[in-house]
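Presented below is the structure to which this report refers.
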Amino acid sequence: MTTTDEILANARARAPGQPYAGAVTPQEAFELLQADPRVKLVDVRTNAERDWVGRPAIPETQHGAVQWTLYPGGAPNPDFVTQLQNVATPDDVVLFLCRSGVRSRHAARTATELGYQNAFDILEGFEGDRDPEGHRKTVGGWCKAGLPWIGA
């Protein structure tokens with residue numbers, strides 16, 4: 001079994017009974033992206049979050065930006081499905097990322113319902129949960145894991 005196969009098997013085992021393929025840690029997501037140029041990361045945060053907070057530093061060919069909700073106001077993105085179909089196919093391994101791991105689970109579930117059999121949630125998200133002082137990027141997530149990112 002290859003490292004990619006091992007990561008995906010662990011991800012499937014980590015999320016039994018979930019309505020999507022599984023869940024990867026930020027480090028596993030990065031390893032998958034490095035190992036296979038066909039793996040896609042779909043960032044479901046708002047455009048404002050990506051602009052003001054930052055985004056993973058990965059090849060553009062592997063990065064898709066599809067808002068789950070819209071800024072301002074937080075209304076559901078009525079074009080989510082069409083936009084997802086423009087950045088990933090149902091045959092791709094798709095890793096969904098949000099701020100702390102909530103919207104990404106919803107996006108992975110929706111993708112699975114659309115026939116994406118390899119839709120995975122990235123645990124902890126980009127910034128992770130808040131610490132006791134209310135700050136992010138200190139408890140968990142892509143940034144806390146020391147993975148490459150661009151932005152504020």
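Identify the residue in region 113-152 that is basic (Lys, Arg) and in contact with an Asp or Glu (Cβ under 8 Å, 6 or more places away or on another chain) and, among all such residues, is farthest from Lys40 (Cα to Cα).
The first filter runs over region 113-152 and keeps only residues basic (Lys, Arg), leaving 130, 136-137, 144.
Checking which are in contact with an Asp or Glu (Cβ under 8 Å, 6 or more places away or on another chain) leaves us with 136-137, 144.
Numbers: Arg136: 25, Lys137: 23, Lys144: 21 Å.
Ranking the qualifying residues of region 113-152, first place goes to Arg136.
Please find, among Ala48, Ala111, Ala65, the residue that is within 20 Å of Glu28 (Cβ to Cβ) and not polar (S, T, N, Q).
Working: Ala48 fails: within 20 Å of Glu28 (Cβ to Cβ); Ala65 fails: within 20 Å of Glu28 (Cβ to Cβ).
Ala111 is the lone residue from the list that is within 20 Å of Glu28 (Cβ to Cβ) and not polar (S, T, N, Q).
Residue by residue through region 119-131, note down the ones that are among the charged types (D, E, K, R), closer than 20 Å to Leu32 by Cα and open to solvent by 10 Å² or more (accessible area, probe 1.4 Å). First the steps, then the outcome.
As a first pass, look at region 119-131 and keep what is among the charged types (D, E, K, R): 121, 124, 127, 129-131.
Next cut, closer than 20 Å to Leu32 by Cα only: 121, 124, 127.
Glu124, Glu127 - these are the residues of region 119-131 that are among the charged types (D, E, K, R), closer than 20 Å to Leu32 by Cα and open to solvent by 10 Å² or more (accessible area, probe 1.4 Å).
If the Cβ limit is 6 Å and pairs must be 6+ apart or interchain, which residue in region 50-79 that is under 13 Å from Arg99 (Cβ atoms) pairs with which residue that is of a type in the set (Lys, Arg)?
Trp68/Arg103
Return the total of residues in region 75-118 being in a loop (DSSP other than H, G, I, E, B) and either at pLDDT 95 or above or open to solvent by 40 Å² or more (accessible area, probe 1.4 Å) (or both). Full working, then the answer.
Going residue by residue through region 75-118, those that are in a loop (DSSP other than H, G, I, E, B) are 75, 77-79, 88-93, 98-102, 114-118.
Those left that are additionally either at pLDDT 95 or above or open to solvent by 40 Å² or more (accessible area, probe 1.4 Å) (or both): 75, 77-79, 88-93, 98-99, 102, 114-118.
Total satisfying the criteria: 18.
Please state which one of Glu113, Glu133, Glu124 is in contact with a Pro (Cβ under 9 Å, 6 or more places away or on another chain) and more than 19 Å from His63 (Cβ to Cβ). Don't jump to the end; show me each part of the working.
Working: Glu133 fails: in contact with a Pro (Cβ under 9 Å, 6 or more places away or on another chain); Glu124 fails: more than 19 Å from His63 (Cβ to Cβ).
Within the list Glu113, Glu133, Glu124, the selection yields Glu113.
The values are calculated or read from the model by the stated rules, or taken from the named source; none is laboratory data. Predicted, not measured: the structure shown is a model, and the values here were computed from it. Heads up, the Cβs are rebuilt from the backbone with ideal geometry, glycines too, and the neighbour counts pull from every protein chain shown. In case anyone asks, the SASA skips ligands and DNA or RNA and just uses the protein heavy atoms, side chains included. Shrake-Rupley method; radii C 1.70, N 1.55, O 1.52, S 1.80 Å.
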